[in-house]
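Below is one structure; the comments refer to it alone.
The values are calculated or read from the model by the stated rules, or taken from the named source; none is laboratory data. Keep in mind it's a predicted model, so treat the numbers as computed, not measured. Don't worry about glycine lacking a Cβ; one is built from the backbone with ideal geometry, like all the others, and counts go over all protein chains shown.
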Amino acid sequence: MKKTTLLLLFILLSATLSAQKSSLHREDIFTQLLVEGKPFLILGGELGNSSAACTQDIERIFPKLQRMGLNTVLVPAYWDLIEPVEGQYDFTLTDKAIEQARANNLKIIFLWFGAWKNSMSCYTPLWFKTNYNKYPRAITQNGKPLEIASAFSDNVRQADNRAFTEWMKHIADVDKTHGTVIMIQIENEIGMLESARDYSQAANQAFQAPVPEKLMNYLQKNKKKLHPQMLKKWEAQGCPRQGNWQAVFGSDIYTDEIFMAWHYANYVEELAQTARSIYNVPLYVNAAMNSRGRQPGEYPSAGPLAHLIDIWHCGAPSIDILAPDLYDNGFKDWVAQYHLHNNPLFIPEIRLADDDGVRAFYVFGEHDAIGFSPFSIEDGSDSQQAPLVQSYGKLKEMMPLLTQYQGKGVMKGLLFDQENKERILHNDDLVITCRHYFTLPWDPRATDGSKWPEGGGIILKISSKEYIVAGSGIVVEFAKSTEKASGNAKELLGEDGFKLKGENEQHSYTESKKFQGKRCGLGSVDEIQINPDGSFGYIRRLNGDQTHQGRHVRISVGDFKILHVKLYEYE
Ligand code: DGJ
């Protein structure tokens, strides 16, 4: 065979192999996950901690996940069960998870529960736990040893990395041609508890040493792009170019946290490089939130938190994403903190709740998220009416459309509850008023004292006169900005469209000025399905009562729909 033919064959073969793996495609302002060469959104769920610990559970759970409409399952890999005897490895559970994922049309994200799981080292094997002289513990400020392996120990890192290496090699062996495993999470919710940093002897020595040149150079080079909290801390010291940790960042608990984050990141980088060299899939780390006014050490200090992104980026450049685990109130604020110019939003864990259905819509629309994944997913319902099942069904259909418009600035996410009921968008000369469905007082659940489920969705501008409105529990009105400017106060109408009189009357109709300009009307509202090639398939025309006789577009609470809206103007 000629040299050129051989070369061609080689290129073809490597293209085939690499097309089967997953990768991140980074543009200036957004990042796409590519799976089998195509943009992909993770409609995921994470298994409960002990739900992948026997083959029978995996066999029982995975078919349910398929019925729930997931395309990806996040599966823990337990160091203690993988290396129960030092140097002897058992990959039975990993193999079973991969087998079941393939059988149920799922992708896998494996979570390496190695040295740390929620700060602690409970997943380290017993031979590791008991040999605490060789594998030392982190120590609190008061000298108390913790069941947290010390990040300053070479022995700890080497043992963790050795097991991780063998496991990664195994995954590469069984998965390289399939590409079932699309990402790896390294460790789980790393962070120091009780004290903001480790006070072991090795840690204390490192704390007195100068801040490494690599980090100092990074801060200087990226000064304009640093996280505001990091910049503020450095500036408060006069932006020194060298010195020990306290000289550079000040003497407080947040400096302890920065120091600790640097060392956790360095540790993780070693595992990340291992993964890269064996099986090059995207890598991420997850963080427990610094919520409810807690201080470092009260929350897991030094994890991959938004305010520490620069430390993690510099210390662990092979990690692609810092991902938030969301169990607290303030969902919208948290997700905004993790969708940064240098970090795509991926939510590997969120409390399993009915509101997750609309929250998933919100993050894909508002934040170009690459994935969403409620925790303990196997406890969710697989009824086809369950909110998450409906939501994932529609989002799966919409994937060609959402990935086509990801990062183009034409999508918005909507999310409403009883307190935050309205959002007004301005597009071209349109004012688009979006509200919770229960702002229409006609549904008894709106006013009978029941707690409103969250309503939310995606509003996508296809052209100036064409929109997609999708989600659940929302109502959207389109008006020309000239209509609003005409001082034409909006009246509240009954469901029949007649003026309300009596107890429900909230404000009366007043036309203060002569109306001028154009108005916007609903040309048509069609419920559609999105075909795999991204084209629209007609389901039914919505009109009459379903659009309040042409006044608005709506999707009731409990239903998930995709609507294709065509607008027109008149005068
Ligand atoms: C976050 C952790 O990452 C999970 O493994 C689990 O412990 C949940 N918290 C809480 O149930």
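Summary of values
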{"read-out": "Filtered residues of the range 58-96 (kept if within 16 Å of the ligand (Cβ to nearest atom), among the β-branched types (Val, Ile, Thr) and touching a Gly at 6+ places or on another chain (Cβ under 8 Å))", "value": "Val73"}
{"read-out": "Leading residue by the ranking (farthest from the chain's Cα centre (by Cα)) among those in the range 97-132 that are β-branched (Val, Ile, Thr) and within 16 Å of the ligand (Cβ to nearest atom)", "value": "Thr124"}
{"read-out": "Qualifying position, being more than 16 Å from the ligand (Cβ to nearest atom), in contact (Cβ under 8 Å) with a residue 24 or more places away in the chain and assigned to a strand (DSSP E or B), among Leu414, Leu402", "value": "Leu414"}
{"read-out": "Matching residues, the range 315-336, being assigned to a loop (DSSP other than H, G, I, E, B), over 19 Å from Gly371 (Cβ atoms) and either out of contact with any helix residue (DSSP H, G or I) (no Cβ under 9 Å at 6 or more places or on another chain) or not assigned by TED's automatic domain parsing to the domain that holds Asn118 (or both)", "value": "Asn329, Gly330"}
{"read-out": "Candidate set: the range 226-266, residues that are of a type in the set (Gly, Ala, Ser) and within 30 Å of Gln185 (Cβ to Cβ); chosen: the one surrounded by the most Cβ atoms within 10 Å (Cβ to Cβ)", "value": "Ala261"}
{"read-out": "Residue tally, condition buried (at least 19 other Cβ atoms within 10 Å of the Cβ) and within 8 Å of Thr140 (Cα to Cα), over the range 185-198", "value": "3"}
{"read-out": "Of residues in the range 411-447 being within 19 Å of Cys520 (Cβ to Cβ) and loosely packed, with under 14 Cβ neighbours inside 10 Å, the one modelled with the lowest pLDDT", "value": "Asp428"}
{"read-out": "Subset of the range 308-351 that is among the aromatic types (Phe, Trp, Tyr) and surrounded by fewer than 23 Cβ atoms within 10 Å (Cβ to Cβ) - its residue that is farthest from Leu34 (Cα to Cα)", "value": "Tyr327"}
{"read-out": "Candidate set from the range 479-535 (those that are basic (Lys, Arg) and modelled with pLDDT of 75 or more); member that is surrounded by the fewest Cβ atoms within 10 Å (Cβ to Cβ)", "value": "Lys514"}
{"read-out": "Residue match in the range 324-333 (condition: basic (Lys, Arg), modelled with pLDDT of 95 or more and closer than 26 Å to Leu460 by Cα)", "value": "yes"}
{"read-out": "Selection from the range 511-539 of residues that are in a strand (DSSP E or B) and under 30 Å from Glu483 (Cα atoms)", "value": "Glu511, Arg519, Cys520, Gly521, Leu522, Gly523, Ser524, Val525, Asp526, Glu527, Ile528"}
{"read-out": "The range 461-472 residues that are farther than 16 Å from Asp559 by Cα, paired with ones that are among the β-branched types (Val, Ile, Thr) and in a loop (DSSP other than H, G, I, E, B) (beta carbon under 6 Å, 6 or more apart)", "value": "Lys461/Val410"}
{"read-out": "Spans of helices (runs of 4 or more DSSP H) in the range 70-184 with at least 1 residues touching a Leu at 6+ places or on another chain (Cβ under 8 Å) and crowded, with 16+ Cβ neighbours inside 10 Å", "value": "79-82, 92-103, 154-175"}
{"read-out": "Subset of the range 353-379 [part of a loop (DSSP other than H, G, I, E, B) and more than 16 Å from the ligand (Cβ to nearest atom)]", "value": "Asp354, Asp355, Asp368, Ala369, Ile370"}
{"read-out": "Number of the exception - Leu542 against (1) over 14 Å from Met398 (Cα atoms); (2) surrounded by fewer than 18 Cβ atoms within 10 Å (Cβ to Cβ)", "value": "(2)"}
